[in-house]
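**Student:** Encoded as structure tokens, here's the structure I'll be asking about.
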Amino acid sequence: MLQMQAWRPTVTHAALGAINHRVPDPFERLFLQEYPKVVAIAYRVLADRTAAEDVAQEVFLKFHRSHSPDSEHASGWLHAAAVHSALNVIRGDRRRAQRETAHALDPARSSSVASPEGVVEEAEQRREVRRALKRLPERTAAVLMLRHSGLSYAEVATALGIKVGNVGTLLRRAEEALRKEVDRATPE
């Protein structure tokens, strides 16, 4: 039977006691106490230490921006966020792989790129879309760019500081506004 040895942090109670006495800043103390655990949780999900450390850094940044380090729920929040963030990394990697595979296998793309006319046409379409995006309000363009860059509704909501439930409506309106801008600029 094959067993995978997970990387495990070593944190002793003596070390934690020393941290409490030497470090006056509550967030720094929380970081020193919880960082190994947060990395270990993310590692168990990702099986990649570097990715787990990246997740831990993101989790602590999010925590620092929105919570008090003296909260009694701090460690629970950090541990749950580590799991969720690690799962989001897996989901993002899966979506990226699907997009890359779909793009590579799309016969319409490969046939249009094969001809010089197709290359010129595609470049012109991209320029036209970029010009139309510049004419849109900043938030409208941002919703489109974030979503069509592969971000989930939750990630778009976080990036724009809006509720997840509003992303779909804003996205639909933004797509319609872009369509109108492209149609308005395209001579018939």
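**Student:** Going by what's in this entry, would ALA132 be described as within 18 Å of the chain's Cα centre (by Cα), of a type outside the set (Ser, Thr, Tyr), surrounded by 14 or more Cβ atoms within 10 Å (Cβ to Cβ) and not assigned by TED's automatic domain parsing to the domain that holds VAL89?
**Tutor:** Details: within 18 Å of the chain's Cα centre (by Cα): no; of a type outside the set (Ser, Thr, Tyr): yes; surrounded by 14 or more Cβ atoms within 10 Å (Cβ to Cβ): yes; not assigned by TED's automatic domain parsing to the domain that holds VAL89: yes.
Against the criterion (within 18 Å of the chain's Cα centre (by Cα), of a type outside the set (Ser, Thr, Tyr), surrounded by 14 or more Cβ atoms within 10 Å (Cβ to Cβ) and not assigned by TED's automatic domain parsing to the domain that holds VAL89), ALA132 does not qualify.
**Student:** Tell me which of these VAL164 doesn't satisfy, since it passes every other one: (1) within 30 Å of LEU32 (Cα to Cα); (2) not assigned by TED's automatic domain parsing to the domain that holds ASP48.
**Tutor:** Exception for VAL164: condition (1).
**Student:** Filter the stretch 126-150 for residues that are touching a residue at least 40 places away in the same chain (Cβ under 8 Å) and among the hydrophobic types (A, V, I, L, M, F, W, C) and give the result.
**Tutor:** Correct list: VAL129, ALA132, LEU133, LEU136.
**Student:** Restricting attention to the stretch 64-81, which residues are within 26 Å of ARG147 (Cβ to Cβ) and surrounded by 14 or more Cβ atoms within 10 Å (Cβ to Cβ)?
**Tutor:** ALA81
**Student:** Does VAL83 satisfy the criteria of being of a type in the set (A, V, I, L, M) and either out of contact with any helix residue (DSSP H, G or I) (no Cβ under 7 Å at 6 or more places or on another chain) or without any contact (Cβ under 8 Å) to a residue 40 or more places away in the chain (or both)? Don't jump to the end; show me each part of the working.
**Tutor:** Details: of a type in the set (A, V, I, L, M): yes; either out of contact with any helix residue (DSSP H, G or I) (no Cβ under 7 Å at 6 or more places or on another chain) or without any contact (Cβ under 8 Å) to a residue 40 or more places away in the chain (or both): no.
No: the conditions fail for VAL83.
**Student:** Additional query: Kindly check whether there is at least one residue in the stretch 131-142 that is over 23 Å from ARG94 (Cα atoms), charged (D, E, K, R) and modelled with pLDDT under 85.
**Tutor:** Taking every residue of the stretch 131-142 in turn, at least one turns out to be over 23 Å from ARG94 (Cα atoms), charged (D, E, K, R) and modelled with pLDDT under 85.
**Student:** Here is a further query. Output the residue which, of all residues in the stretch 140-180 that are over 17 Å from the mean Cα position of the chain (by Cα) and loosely packed, with under 12 Cβ neighbours inside 10 Å, is farthest from SER85 (Cα to Cα).
**Tutor:** Looking only at the stretch 140-180, we keep the residues that are over 17 Å from the mean Cα position of the chain (by Cα), and these are 140-141, 165-166, 168-180.
Cutting the leftovers down to loosely packed, with under 12 Cβ neighbours inside 10 Å gives us 165, 169, 172, 176, 179.
Working: GLY165: 20, THR169: 25, ARG172: 27, GLU176: 32, ARG179: 34 Å.
Here the residue is ARG179.
The values are calculated or read from the model by the stated rules, or taken from the named source; none is laboratory data. In this text, all values refer to a predicted model and were calculated from it rather than measured experimentally. Please note: Cβ atoms are built from the backbone with ideal geometry, for glycine as well, and neighbour counts cover all protein chains shown.
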